[in-house]
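To start, the structure under review is shown below, and the notes come after it.
The values are calculated or read from the model by the stated rules, or taken from the named source; none is laboratory data. On a predicted model such as this, the values are computed, not experimentally measured, just so you know. Glycine gets a Cβ as well: all are built from the backbone with ideal geometry, and neighbour counts include every protein chain shown. Areas reflect the complete protein model, heavy atoms only, side chains present, ligands, DNA and RNA absent. Shrake-Rupley method; radii C 1.70, N 1.55, O 1.52, S 1.80 Å.
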Amino acid sequence: MTTDTPAATATGGTTHAALAAWVDEVAALTTPDRVQWITGSPQEWTEVTDKLVAAGTFTRLNEQTHPNSFYAASDPTDVARVEDRTFICSVDEKDCGPTNNWMAPDEMKAIMTDLYRGCMTGRTMYVIPFVMGHLNAEKPMFGVEITDSEYVVASMRVMARCGSKVLDRIEELGESARYVPALHSLGAPLQPGEKDVAWPCNQTKYIVQFPEERTIWSYGSGYGGNALLGKKCYSLRIASAMARDEGWLAEHMLILKLISPEQQTYYVAAAFPSACGKTNLAMLEPTIPGWRVETLGDDIAWMRFGDDGRLYAVNPEFGLFGVAPGTNEKTNPNAIRTLAKGNSVYTNVALTDDGGVWWEGLENEPQHATSWKGEDWTPDSGELSSHPNSRYCTPIDQCPILADEYDDPRGVPISAILFGGRRKTTVPLVTEARDWVHGTFMGATLSSETTAAAVGQVGVVRRDPMAMLPFIGYNAGDYFGHWINVGKDADASKLPKIFYVNWFRRDEDGGFLWPGFGENSRVLKWVIERIEGKAAAVETPIGHVPTPESLDIDGLDMTPEQVEAALRVDPQEWRAEIPQIEEWFAKFGDALPTQLQVELDGLKARLGD
Ligand code: GTP
Ligand code: SPV
Ligand code: MN
C-alpha cells in the first residue's frame, strides 16, 4: 500500500507501534488532507459541531429548548442499516452461515482497497480511540475507528467512551491491549475547489466484518449502524464471534432493573428486533403501584458468568440511539426527560420554525415545519414529517432513571430473559419457556414483522433469531449451539428464566390488543411472580401462559375478552407456523443443534393435526 501523495499533517499520534502503523497505512491509502486524533475534550466537541454547522450537515437547535443540540437530515438514500450490503467475511464460507452475506476476505479486501484508494482526499481523517464497556473492565474491549465523517465523530463521542483516556490505557497495555481496528469512509472525496454536500455518502456501500481478524471495514454510508462502528459492527457482529470462542454472549438486548413493592431487585434482559420496543421497555414507567424500573441499557448486552454461577450483563454503550417516531410524554416520558437535558443529535426528524424538532407521535404538532426531506411540511401535507427510522442520539447518563449499577464493570445478575417481536397474530402476550433449551428454541424461532430500521420492505414476517438475524457474526446454526452450550455448562437453578412476549398482537379491527408501553409492567410483574413461584399459568403446547386471573389487570382499560384474546394460544394458528419453522431450520443442515429439532418435534406432537 504505497502512494506518492505527500503525508498529511497530523494532530495527535500514538506511541503504540502497531496502531501507529495501521493509521499510517490507512492515511497512505485514503490520502486525507489532515489526520486528527480524537481526544474527547469539550473544546473538540465545539470545533467538530461548529464544522458540521458550517458545512450545513448540522443545524444548531434553539439553545433555550434544546441546549447544545443539533438537527441533521441525511441523504434520502442513506437512512437505515443496509443488510444486503453487510458481509461476514469469514475465511471459510460455512462459518458465515446461511443467514449472512459472504465473500472471501481477500476478494473483499481487493474490492474495498480500490474503493478506499484516495477516498479521503480533501477531507480530515479522524482517529477515534474508544472502548465498548468500561475502561476499568478486567479486559477492556478497545476499538479504534478511523473515519472521514465529522457526523460520525460527534455521534461516536455520544455513543461510546472515546478519546485520550482510552488511548492512554491502550498505550499503557501496549501490545497486550486488544483493540478492533474499524475503518470507515463516506466514500466521498473532495477534489480541490469542489463544494461539499450536507450529507456526503456513496451509492456503493459495504459494511464488512472480518470475524477471525476482528476487524471492520465500512464504506459509503453515514447512517448509525453502518457508520458508528462500535455499535452493531463491533459490539454484536465481532463481539458475538469473540463470545463464541470465549464462552459468553453478545446480544441485541436491553437491560433493566425492576424493583418490587417489597423492595426486591431483579434484573431483566430483553431481545426484540430493531424498532420493536427495547428502548421503550428499558425506560418504562410502570402503571402498577409500587413497582419501579431503572435503566441499564437499551440495545446491547454482553453477558458473562460470574464466580457465583449467575449470568451478569453489562451495557457496552455510552449513549442511546433511539427511534424518534412514537416517542412522547405518554409512551416514553423518560426518553423525553433525557432529551430535555440537551447534548443530543437528531437525524431525519422534522425541524420546527422555532428551532426545535418534531416527529410523528410527539405532542404539540406544529402548524408548519421543515420535513426530513427539507420540504415545507404542514399537518395536511399528507406526508410524514420524519423518516420512520429517524433517530435521536443522546448521552445515557442524562437518563433520569439510569441505575447506579450502570457504572459497575461487573454488570448485573440477570433473572429473566425476554424474547419478543412484532406479530399481528398467533403469538400471545407472554409465554414462559419450560427450561433453557426450550427458551433457546423460542429465541431461535423468534419471528417479527420487518421495520424501517433496515432498508427494504416493512411489515413482512421473518425469522429473527434472538433478534440477532442481521448481527450474528458467524453461522447462526453454530450460534444456536452456543446458546445450548451456555445452558448445558451452567447450574440450571442459576440460569435466567426465558419468556417470549408480543406487545403487537391486533384485534379484528387492526388495533393493538394490548395497550403496551407502561402497561407492559403488568407482564414484568407476572414474569417475576413466576420466578418467585407465586403466579399461576396454564400449560399450552407452546409453553406456560398466564391464567387470566394471574395477570394483574387492575385498573386496566380492557375487557376480560380482550385480555383473553391477548393471551390466547390458537392451535390452528400455531399449526400454520410449523412449516415456516421447518423451512427455517432446514437452512442450517448439520449446524442445527439436535436439541432444537427435538423441541420442534415435541411442539408438533403437542399441537396434533
Ligand atoms: P432499535 O433502536 O431499532 O433497536 O429499536 P428498539 O427495539 O429500541 O425499539 P423502540 O423502543 O425504539 O420502539 C420502536 C417503535 O415501537 C416506537 O415507535 C415505539 O413507539 C413502538 N413501541 C415500543 N413499545 C411499544 C409497545 O409496547 N406497544 C406498541 N404498540 N408500540 C410500541
Ligand atoms: C437497530 O437497527 O437495531 C438500531 C439502530 O439499534 S442502528 O444503530 O442503526 O443499528
Ligand atoms: Mn437496535
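In this label model, Ile336 and Glu63 are separated by 2.6 nm, measuring between points 7 Å along each Cα→Cβ vector.
Taking the Cα centre of each part, how many Å lie between the stretch 289-358 and the stretch 552-591? Taking the Cα centre of the stretch 552-591 as reference, the centre of the stretch 289-358 is 28 Å away. Within the stretch 213-253, none of the GluC sites (Glu not before Pro) combine a DSSP coil assignment with at most 11 other C-beta atoms in a 10 angstrom radius. Couplings 3J(HN,Hα) for the stretch 86-95, derived from phi with the Karplus relation 6.51 cos²θ - 1.76 cosθ + 1.60 (θ = phi - 60°), are 9, 10, 10, 9, 6, 4, 9, 4, 5, 6 Hz, where x marks Gly and Pro. Judged by the gyration tensor of its Cα atoms, with axes a ≥ b ≥ c, the chain is prolate; a/c meets the 1.5 cut and a/b is the larger of a/b and b/c. Per residue, the stretch 528-577 exposes 54 Å² of accessible surface when a 1.4 Å probe is rolled over the protein heavy atoms with every protein chain present. Computed from backbone phi, the HN-Hα couplings of the stretch 508-524 come to 4, 7, x, x, 5, 6, 10, x, x, 6, x, 5, 5, 4, 5, 6, 4 Hz, rounded to whole numbers (Karplus: 6.51 cos²θ - 1.76 cosθ + 1.60, θ = phi - 60°; Gly and Pro given as x). Share of carbon and sulfur in the accessible area of the chain stands at 50%, probe radius 1.4 Å. Accessible-area rank, largest first, for Asp507, Asp353: Asp353, Asp507, with all protein chains present and a 1.4 angstrom probe. Each Lys and Arg contributes +1 and each Asp and Glu -1, all at the Cβ; summed about the Cα centre of the stretch 149-211, the dipole is approximately 240 debye. Amide H contacts of Ser69: Leu61, Asn343, Ser344, each under 5 Å away and 5 or more positions distant or on a separate chain (H built 1.01 Å from N in the peptide plane; Pro and chain starts excluded). In order along the stretch 466-479, the phi-based Karplus estimate (6.51 cos²θ - 1.76 cosθ + 1.60, θ = phi - 60°) of 3J(HN,Hα) comes to 6, 6, 10, 3, x, 10, 6, x, 7, 5, 4, x, 5, 5 Hz; Gly and Pro are listed as x.
So which trypsin sites (Lys or Arg not before Pro) in the stretch 55-129 are both in a DSSP loop and have at most 11 other Cβ atoms within 10 Å of their Cβ?
Details: sites: Arg60, Arg81, Arg85, Lys94, Lys109, Arg117, Arg123; in loops: Arg117, Arg123.
The qualifying sites: there are none.
Per-residue ellipticity at 222 nm computed for the chain from its helices equals -7500 deg cm²/dmol, with DSSP H segments shorter than 4 residues left out and the rest contributing -39,500 (n - 2.57). The trypsin sites (Lys or Arg not before Pro) of the stretch 526-609 that DSSP puts in a loop, and whose beta carbon has at most 11 other beta carbons within 10 Å, are Lys534. Between the amide H of Val35 and those of Thr9, Ala10, Thr11, Met125, distances stay under 5 Å, these residues lying 5 or more places away or on another chain, with hydrogens modeled in the peptide plane. Separation of the stretch 87-118 from the stretch 378-414 is 32 Å, based on Cα centroids. Using R0 = 56 Å, the C-beta based FRET efficiency linking Ala20 and Ser381 works out to 0.60. Is the stretch 170-310 rounded, prolate or oblate when judged by the Cα gyration tensor, a ≥ b ≥ c being the square roots of its eigenvalues, rounded requiring a/c under 1.5 and prolate requiring a/b larger than b/c? In terms of gyration-tensor shape, oblate. As I understand it, the value is the acute angle between the Cα axis of helix 42-55 and the longest principal axis of the Cα atoms of the chain; what does it come to in degrees, rounded to 10? On a 0 to 90 degree scale, this one is about 80. Placing +1 on each Lys and Arg Cβ and -1 on each Asp and Glu Cβ, with no other charges, gives the chain a dipole about its Cα centre of roughly 460 debye. Is the C-alpha gyration tensor of the stretch 32-185 telling us rounded, prolate or oblate? Criteria: a/c under 1.5 is rounded; beyond that, a/b larger than b/c is prolate, otherwise oblate. Cα axes put the stretch 32-185 in the oblate bin.
Near the amide H of Val461, within less than 5 Å, lie the amide hydrogens of Thr450, all on another chain or at least 5 residues away, with H placed in the peptide plane. Ordered by solvent-accessible area of protein heavy atoms (1.4 Å probe), largest first, the residues Met242, Met558 come out as Met558, Met242. Solvent exposure of the stretch 321-398 amounts to 40 Å² per residue of accessible area, where only protein heavy atoms count and the probe is 1.4 Å. The calculated FRET efficiency for the pair Glu508 and Arg117, based on their C-beta separation and a Förster distance of 41 Å, comes to about 0.10.
When Thr265, Thr15, Thr331 are compared by accessible surface with a 1.4 Å probe, the order from highest to lowest is Thr15, Thr265, Thr331.
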